1. Classify the range 222-340 from the C-alpha gyration tensor, please: rounded if a/c falls under 1.5, else prolate or oblate depending on whether a/b exceeds b/c.
2. Based on the alpha-carbon gyration tensor of the range 247-298 and its eigenvalue square roots a ≥ b ≥ c, which shape applies: rounded if a/c is under 1.5, prolate if not and a/b is larger than b/c, or oblate?
3. Could you pull out the pairs from 249/307; 178/198; 237/307 whose alpha carbons sit more than 29 Å apart here?
4. What is the sum of charges, Lys and Arg at +1 and Asp and Glu at -1, for the other residues whose Cβ falls under 15 Å from the Cβ of residue 108?
5. So, counting K/R as plus one and D/E as minus one, what does the shell of residues with Cβ under 15 Å around residue 248 add up to?
6. Let a ≥ b ≥ c be the square roots of the eigenvalues of the Cα gyration tensor of the range 131-277; is it rounded (a/c under 1.5), or, if not, prolate (a/b larger than b/c) or oblate?
7. Order of 481-491, 356-366 by packing, highest average Cβ count within 10 Å first?
Amino acid sequence: MESRRIALIAVLGVILYLIYTAWITDHPPPAPTVAAAAPSTVPADPTVAPVPAAAAVGGSPAVAGDVPPPPAALSQTIHVKTDLIDAEFATAGAELRRVELSQYALDKKNPDIKLPLLNDRDGVVFMLQSGLAAIEKALPGNNAVYATPQTRYELPDGVDTLEVPFEYTDATGFTLKKAFRFKRGSYQIELVQTVVNKTGATLNVSPYARWLRNPASAEKAQKFIATFLGMGVYEQKPNTTDYRFKKVKLDALNEKPYESKQTGGWMAMIQHYFIAAIIPPADEAVTLSGKPAGNGNYLGQYLGASKPVADGSEATYTTGLYIGPKLQGSLDDVAKGLSLTEDYGILTVIAKPLFVVMSFFHGIVGNWGWSIILLTLAVKLIFYPLTAAQYKSMAKMKKFTPRIAELKERYADDREKLSRAMMDLYKKEGFNPLAGCWPILVQMPVFFSLYWVLIESVELRQAPFVLWLQDLSAADPLYIMPVLYGASMWLQQRMSGQLSTMDPMQARIMNIMPIAFTGMFLFFPAGLVVYWFVS
């Protein structure tokens, strides 16, 4: 009796945890109001153009300033199109202001509207700013209007690389150049920045690149889907050559700005299914930082090491970018540790193999829904010994039903004696009433792992199955699968004979379980309900 009570408490705890997680997702605590600090390496207000200024004591370049941005009429929009990306630049600062991913629809209902990962409209702020900072002289940031030969660039057929050049020449004797190099079949972009020094003095110059964004996203959040939105850093551990992946929520930067001085690594803005990463050279001394930028915006910045540029010479700085989906099995080819953004949490050790098995089945059947069903059968095969024990337990329950009913009648007024009598019966007959619960409890880690696979694997985003199930990563639009699951759970309870061996309170709880699970699964990804129903 006590064993069954423990099992019931465990299952109910799981349900309450999931409900609490969903509630927190829909009702996050308000971010604390913190006064903006004086800018050090980034401006507090993104509407103020960042102009690299002379550094404070210590001789390192700063990226700051209070020069107003140029009039809108002076800035043009430059359109760039490759096989995977539609991008828009502003000539003011050569900012990358919008990136649409042509292989990913914004939502299932409007397949022709592509997902804008980087965006500067409809209340969303997510863009790339870049430039060069010098110790001795203020170099212009996004207040400088760059020139470019064309207003439209498109990757031609048969060509693998497209370069988009920008150039700014200052009357005081220096020229800034930027080139964005796009690759066919890739979400990687190479940013090459060059300074030509004709100022009459040596300049110590550092490159920088940064994401400016607010918490808004073009993609609507799903109920009961708790996903991460914030900054991810491949951070060097202190006094070692080892690295670790660290996540920082955007609102956490209000309380404590982030900074790490290290060698190499990368810094990214992470959201559901997608990332935008800045990847400096692996051997470069860098400063990675994040902080509030005012107006509800945040900055995640990379600042590179200074390089002396003598008068009459030039220097070039190269920075890698990745703006696209978290494609499994390929991110580590972009940068070491970038695959850690495919974040399944503490269940990664189970979730990763599950995805590998599902991918194997998908390669055979070509449909993620059928892949989930085949995965279910594989899991059931692995857990067959426990399942067999469960059915044996159910058969014994039916056998003991009359004797248990007799004990309940005999000790109707003494619950303690009833409990002891039933435990004596179980011990005498060698029967473990918890045996019927173990298969469910043991499969819970698999259940949660598959939950994270379904909500974190971009490969399953908007994946169709059959009939009305046209998006396995979203809730069942007609609620058919949750109702089928609840009905099957209710039927199995009656077939198993479990309720007849329970006291009235436990029986009432078990009667509520199908309703509770049905209500919970109304908001869960349809693929997860398919797995649980088939299982």
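Bear in mind these aren't lab numbers, they're just calculated from the coordinates by the rules spelled out. A quick note: this is a predicted structure, and the numbers were derived from the prediction, not measured. Because the Cβ atoms are built from the backbone with ideal geometry, glycine has one as well, and the counts that use them run over all protein chains shown.
1. Because a/c hits 1.5 or more and a/b exceeds b/c, the range 222-340 counts as prolate.
2. Oblate, because a/c is 1.5 or more while a/b does not exceed b/c.
3. Check vs 29 Å cut-off fails for 249/307.
4. Charge balance near residue 108 sits at -1.
5. +3
6. oblate
7. Order by mean packing, descending: 481-491, 356-366.
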